[in-house]
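Asks: One structure, as structure tokens, below. Some questions next.
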Amino acid sequence: MSSNVVKAASPLASAVTGKLQFPWQCNLQSGRPFCNNFANTGAMELSVAQWLLVVCLVAFPLLYEWSVSFKYFCKMAFYNGWILTLAILAIPICAVRGRNVENMKVLQFMLLHIKYLYGIKIEVRGWENFNIKEPYVVVSNHQSSLDLLGMMEILPSRCVPIAKRELMYAGTAGLACWLAGVIFINRKKTDDAISVMTEAAETMLKEDVRVWVFPEGTRNHSGSLLPFKRGAFHLAVKAQVPVIPVVMSSYKDFYCKKERKFTTGKCTVRILPGVHTKGLSSDDVPELADRVRGMMLEAFSQMSSERPGKGPGGVH
């Protein structure tokens, strides 16, 4: 056997060239047509980058099926990335009207299908409690970013959420929210927040707008409800409009951040009867907030106990 053949089959030769060569490859110096064809086309040789691509294509589906944590991170990455992508599509459409609460319908339409992508079934109870012609304030519990799905499922006409100011700078999503009339507040500056709430109360009455607020102020993973911040209730009292509580059931059967779990499942959204604020003043706000929180906590506990063999719980 010639020295050229030995070199071609040697692992050392493969390391030097940076390409994979198999021991049975022929002598490229032999002049035989079959060997020359391999030499010219580069067949049976894979670069390092190509091998990495092959490994990723094989490893990704295996990790997705076998690793709960890997599946969780993949699903959350796609969830957030898809929302940003949909925002890109929504911006040109919303820009035609400019900043307008009617643009919220565009966002709602684009986001409604996400529940199907993730196999999440949403059951709604109490639709009749939204049959109010006047403006009102919706208050809802806040468990995770998945609350967006429940919100879009039942979002009333001409209803916009109040969000922290930081969201306005969240790339395409922030711009889309601004165009849809989302009300942004700076939670760190009380005076600014009060000013925004006062303006929101005037807008509600003049333009027949509903407002959606998460009174807990932050995502809550405790399995209960955090003490309510009173901004939403000051807003309702100032505008003399009803407060309509909305309760979303625990996600723990299919979503758990602590356990890195994200599977298919069912969420129940319950719309409670409105609480009127006619004749109330700012002095009545603490009692109003406690009353609404009590209603929501009772409903949340009832909804949690409906799952066979499971008691109240939340997202961990």
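The values are calculated or read from the model by the stated rules, or taken from the named source; none is laboratory data. All figures in this text were calculated on a predicted structure; none of them were measured in a lab. Backbone-built Cβ (ideal geometry, glycine too); neighbour counts: all protein chains shown.
Asks: Give the residue that is nearest to the chain's Cα centre (by Cα), with candidates limited to residues of the stretch 203-226 that are closer than 20 Å to residue 293 by Cβ and β-branched (Val, Ile, Thr).
Replies: 218
Here is a yes/no grid of residues against (1) under 15 Å from the mean Cα position of the chain (by Cα); (2) part of a loop (DSSP other than H, G, I, E, B):
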site	(1), (2)
103	no, no
107	yes, no
110	yes, no
129	no, no
142	yes, yes
150	yes, no
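Asks: Which ones in the stretch 181-206 are under 28 Å from residue 133 (Cβ atoms) and of a type in the set (S, T, N, Q)?
Replies: 198, 203
Asks: Would you be able to say whether some residue in the stretch 118-127 is part of a helix (DSSP H, G or I) and at pLDDT 95 or above?
Replies: Yes, the stretch 118-127 contains a residue that is part of a helix (DSSP H, G or I) and at pLDDT 95 or above.
Asks: Output the residues belonging to the stretch 157-183 that are more than 24 Å from residue 81 (Cβ to Cβ), surrounded by fewer than 19 Cβ atoms within 10 Å (Cβ to Cβ) and not hydroxyl-bearing (Ser, Thr, Tyr).
Replies: Matches in the stretch 157-183: 158 only.
Asks: Here is a follow-up. For the stretch 181-204, name all the residues that are in a helix (DSSP H, G or I) and within 18 Å of residue 241 (Cβ to Cβ). Give the steps one after another, and end with the answer.
Replies: From the stretch 181-204, those in a helix (DSSP H, G or I) are 190-204; that's our starting set.
194, 196, 197, 198, 199, 200, 201, 202, 203, 204, listed by residue number.
Asks: Of the residues that sit in the stretch 64-98 and are of a type in the set (Gly, Ala, Ser) and part of a loop (DSSP other than H, G, I, E, B), which one is farthest from residue 109 (Cα to Cα)? Steps first, answer last, please.
Replies: Initial filter on the stretch 64-98 (of a type in the set (Gly, Ala, Ser)): 67, 69, 77, 81, 87, 90, 95, 98.
After this cut, where a residue has to be part of a loop (DSSP other than H, G, I, E, B) as well, the list is 67, 98.
On the way: 67: 33, 98: 18 Å.
Step by step, filter the stretch 64-98, then rank; the result is 67.
Asks: Looking at (1) loosely packed, with under 14 Cβ neighbours inside 10 Å; (2) over 17 Å from residue 159 (Cα atoms), which is the only condition residue 134 fails?
Replies: For residue 134, the failing item is (2).
Asks: Sticking with this one: Does the stretch 264-280 contain at least one residue that is buried (at least 23 other Cβ atoms within 10 Å of the Cβ) and touching a residue at least 60 places away in the same chain (Cβ under 8 Å)? Don't jump to the end; show me each part of the working.
Replies: Narrowing the stretch 264-280 to residues buried (at least 23 other Cβ atoms within 10 Å of the Cβ): 267.
Next cut, touching a residue at least 60 places away in the same chain (Cβ under 8 Å) only: 267.
Yes: the stretch 264-280 contains one or more residues that are buried (at least 23 other Cβ atoms within 10 Å of the Cβ) and touching a residue at least 60 places away in the same chain (Cβ under 8 Å).
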